[in-house]
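Take a look at the structure set out below.
The values are calculated or read from the model by the stated rules, or taken from the named source; none is laboratory data. Everything quoted here is computed from the prediction, not taken from an experiment. Every residue, glycine as well, gets a Cβ built from its backbone with ideal geometry; the counts of neighbours run over all protein chains shown. Protein only, heavy atoms only, side chains kept; ligands, DNA and RNA dropped before computing areas. Shrake-Rupley method; radii C 1.70, N 1.55, O 1.52, S 1.80 Å.
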Amino acid sequence: MVKSKQWVGKGPYRVWQNRQEGPQYGLWQNDYNDPIPGESWDYPEFKGYFSNVSWMKLNTSEGAIGIELMTRKIGVYTPRDGRDHILYTLPETGISILRAIPAVRNKVNTTDLNGPSAQPYWSKGKGSISAILHFE
């Protein structure tokens with residue numbers, strides 16, 4: 001079980017493809033939490049997508065896992081959607097190293113109607129993602 005995370009990158013809040021502004025680059029840390037949007041207010045959220053991440057350390061009940069990222073984008077579990085389940089259409093994930101962070105919709109429009117920054121990322125050709133894992 002993951003108890004907390006520490007990272008160098010943008011934070012302390014998560015980001016979305018179409019909501020990159022706000023978080024500041026620095027050293028951040030937060031304990032595990034699982035707030036329900038619109039119902040509980042434990043901030044910053046533990047789950048989500050983080051950008052410009054150089055490294056992240058996950059403190060688990062079995063030890064620490066360090067991740068050095070070359071792509072600078074990481075997902076930590078799947079963010080919880082609100083009670084109405086209208087904001088996210090995301091796969092269930094654990095820790096994910098990403099080429100692109102997904103966009104989020106708003107209460108009125110789906111992502112395809114939220115402008116250029118919310119449009120899907122389409123990979124062109126072959127690619128690779130590199131990371132170095134450290135287990136303590």
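Side notes on the structure shown:
- Considering the stretch 6-53, the residues that are out of contact with any Gly (no Cβ under 9 Å at 6 or more places or on another chain) and small (Gly, Ala, Ser) include one that is nearest to Thr71 (Cα to Cα), namely Gly22.
- Contacts under 8 angstrom Cβ, first residue in the stretch 123-136 being outside any strand (DSSP E or B), partner loosely packed, with under 10 Cβ neighbours inside 10 Å, 6 or more apart: Glu136/Gly63
- Candidate set: the stretch 18-30, residues that are touching a Phe, Trp or Tyr at 6+ places or on another chain (Cβ under 7 Å) and open to solvent by 30 Å² or more (accessible area, probe 1.4 Å); chosen: the one nearest to His134 (Cα to Cα): Trp28
- Counting the residues of the stretch 18-53 that are within 27 Å of Gln119 (Cβ to Cβ) and not in a strand (DSSP E or B) gives 12.
- Selection count where residues are part of a loop (DSSP other than H, G, I, E, B) and either open to solvent by less than 100 Å² (accessible area, probe 1.4 Å) or farther than 23 Å from Val104 by Cα (or both), scope the stretch 1-17: 4
- Number of the exception - Pro44 against (1) more than 21 Å from Pro12 (Cα to Cα); (2) modelled with pLDDT under 95; (3) open to solvent by less than 90 Å² (accessible area, probe 1.4 Å): (1)
- Single residue of the stretch 71-104 satisfying the filter (under 18 Å from Glu45 (Cα atoms), surrounded by 11 or more Cβ atoms within 10 Å (Cβ to Cβ) and among the basic types (Lys, Arg)) that is modelled with the highest pLDDT: Lys73
- Looking only at the stretch 116-132, and only at residues there that are surrounded by 10 or more Cβ atoms within 10 Å (Cβ to Cβ) and at pLDDT 85 or above, the one that is farthest from the chain's Cα centre (by Cα): Ile132
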